[in-house]
Amino acid sequence: MTARPIRDRHPGPLPDEANRLMALLLRVGLMVSLVLLIVFSILFVVDHPAADSGSLVQQNPMLSYLSLGSLAAGLASGSIIAYLTVGVFVLIATPVARVAIGSYFFERHRERSVALVTLTVLALLLFGLLYLGPLIR
Amino acid sequence: MEIGVFLAVLFVVTILAGLVGSLAGLGGGVVVVPVLILLGFPFVDAVGVSMITILATSTTSGAAYVHDHLTDIRIGMLLEIATVPGAFVGAVAAIYVARIGWEDALVIALGIVLLISAVGTALRNDLDTSGEAHPDRLSRRLGLEGAYYDVRLQREVRYRAEDTTSAFGVMFSAGVVSALFGIGAGVFKVFALEGALRLPMKVATATSNFMIGVTAAAGASLLVMAGYVNPIFAAPAALGTTVGSYVGSRILPRLHNRSVRWFFVGVVFVLGIEVLLRGFGLA
């Protein structure tokens with residue numbers, strides 16, 4: 001039995017520009033996130049040297065900064081936890097942004113079906129972040 | 001314990017977790033979650049912190065794999081349609097099971113998953129994916145095929161994805177397991193990519209890593225917004241696991257692969273037993 005042709009014209013790999021952009025995005029996202037998390041967790045320890053780890057495990061201070069308004073107010077007032085929250089969000093946003101870039105390049109590469117698949121994944125991720133998570137809080 | 005000392009302990013422990021995970025080929029999550037539980041974290045909070053460490057490590061290695069042209073983003077994206085809802089189901093299940101006070105049941109289930117992961121990794125053989133491919137309809141429609149240059153074989157290796165329907169089923173389960181237990185579930189993903197789609201091992205591993213990042217983002221975003229990710233602990237855990245995984249990836253080529261894998265699989269097995277005992281109230 002011979003293999004059936006997969007497509008008349010296979011789209012081929014994405015252009016190098018897409019791979020370069022994705023790799024750059026991953027590096028920058030990780031770096032920004034880790035710098036924010038490390039710097040502000042050190043500042044937290046300096047600011048609260050006697051804080052007890054047990055009570056911090058039980059009480060999540062990030063709960064006060066999970067809406068856009070409270071996060072912006074926290075950042076403006078220089079809250080350490082608000083900046084740590086941004087570090088966590090940047091880390092989560094990095095692979096999400098990679099999906100968005102993939103969608104753009106598949107569309108540009110005239111692969112409508114794959115672009116649609118990618119947009120569906122993006123929509124699912126945003127649904128979890130913006131609707132499902134707050135719903136079950 | 002004072003917060004500074006605790007974070008330093010967490011940093012060192014997660015370096016070891018990242019090292020063990022990377023050398024065993026299992027990812028850091030299978031070690032981070034049990035270790036956090038043994039340090040006194042509630043189950044879902046341990047899962048939340050672990051999801052952040054998985055994001056950090058998969059992002060680190062993802063950047064390298066993109067340059068190697070080993071990640072098949074088309075296949076990864078398609079299967080994310082199954083893993084992302086799976087991750088939502090897993091995260092919601094973990095939260096509700098913990099809220100009704102059945103946390104011990106989750107700990108016992110985690111122990112069982114650790115034992116399965118250890119045994120599955122120990123028994124894993126590289127499948128022979130050469131030979132004629134039989135892509136299904138969806139695979140043909142989306143053009144799920146590719147090629148990469150294999151440095152060891154010194155030739156181009158071509159592949160075509162075959163059974164996408166079976167892969168969807170396994171991937172949904174992988175998503176559930178990932179967010180329910182705070183692990184990458186790479187064993188399940190590689191199983192679907194190699195076993196159902198018949199992708200070459202290197203492509204399966206790189207694509208699985210890409211998918212782990214997106215699945216972890218789904219689980220983590222839900223857990224963050226539900227209030228189960230504590231950023232104070234996420235920082236040293238993410239950094240520690242990243243450092244450990246990086247060191248592991250640097251020293252792995254110099255070690256005898258099989259014996260190292262057996263040793264570290266043994267570590268995960270012992271952790272599984274430890275967690276099981278804790279779940280049954282015996283430790």
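The values are calculated or read from the model by the stated rules, or taken from the named source; none is laboratory data. Owing to the predicted nature of the structure, the values given are computational and were not obtained by experimental measurement. Ideal geometry is used to build each Cβ from the backbone, glycine not excepted, and the neighbour counts take in all protein chains shown.
Here are some notes:
- Scope the stretch A:96-125; condition closer than 15 Å to residue B:81 by Cα and either outside any helix (DSSP H, G or I) or polar (S, T, N, Q) (or both); matching residues: A:103, A:113, A:118, A:120
- Among (1) at positive phi; (2) touching a residue at least 60 places away in the same chain (Cβ under 8 Å) - the single one residue B:37 does not satisfy: (1)
- If only residues of the stretch A:81-114 that are of a type in the set (Gly, Ala, Ser) and closer than 17 Å to residue B:71 by Cα are counted, the one that is nearest to the other protein chains (Cβ to nearest Cβ) is A:102.
- Criterion applied to B:78, B:70, B:36, B:23 was being outside any helix (DSSP H, G or I) and either within 10 Å of another protein chain (Cβ to nearest Cβ) or not charged (D, E, K, R) (or both), and the one residue passing it is B:70.
- Criterion (of a type outside the set (Ser, Thr, Tyr) and under 19 Å from the mean Cα position of the chain (by Cα)) met by exactly one of A:50, A:100, A:115: A:100
- Each residue in the stretch B:211-262 was checked for being in a helix (DSSP H, G or I) and either at pLDDT 85 or above or crowded, with 21+ Cβ neighbours inside 10 Å (or both), and 31 pass.
- For the stretch B:161-174, the count of residues that are in a helix (DSSP H, G or I), in contact with a strand residue (DSSP E or B) (Cβ under 8 Å, 6 or more places away or on another chain) and not β-branched (Val, Ile, Thr) is zero.
- Verdict on residue A:32 being under 15 Å from the mean Cα position of the chain (by Cα) and either surrounded by 15 or more Cβ atoms within 10 Å (Cβ to Cβ) or of a type in the set (A, V, I, L, M, F, W, C) (or both): yes
- Cβ-Cβ distances below 8 Å connect the following pairs, each with a first residue in the stretch B:1-20 that is facing chain A (nearest Cβ under 8 Å) and without any contact (Cβ under 8 Å) to a residue 12 or more places away in the chain, a second residue that is of a type outside the set (Ser, Thr, Tyr) and part of a helix (DSSP H, G or I), and a separation of six or more residues or different chains: B:1/A:54; B:1/B:9; B:4/A:45.
- Filter result for residue A:54 (at negative phi and surrounded by fewer than 18 Cβ atoms within 10 Å (Cβ to Cβ)): yes
- Condition met for residue B:55 (in a helix (DSSP H, G or I), among the hydrophobic types (A, V, I, L, M, F, W, C) and more than 12 Å from residue B:184 (Cβ to Cβ)): no
- The stretch A:22-63, residues that are over 18 Å from residue B:52 (Cα atoms), more than 9 Å from every other protein chain (Cβ to nearest Cβ) and at pLDDT 90 or above: A:43, A:47
- Residues being under 27 Å from residue B:74 (Cβ atoms) and crowded, with 19+ Cβ neighbours inside 10 Å are represented in the stretch A:68-91 by at least one member.
- Failed item in (1) without any contact (Cβ under 8 Å) to a residue 24 or more places away in the chain; (2) assigned to a helix (DSSP H, G or I), with residue A:83 passing the rest: (1)
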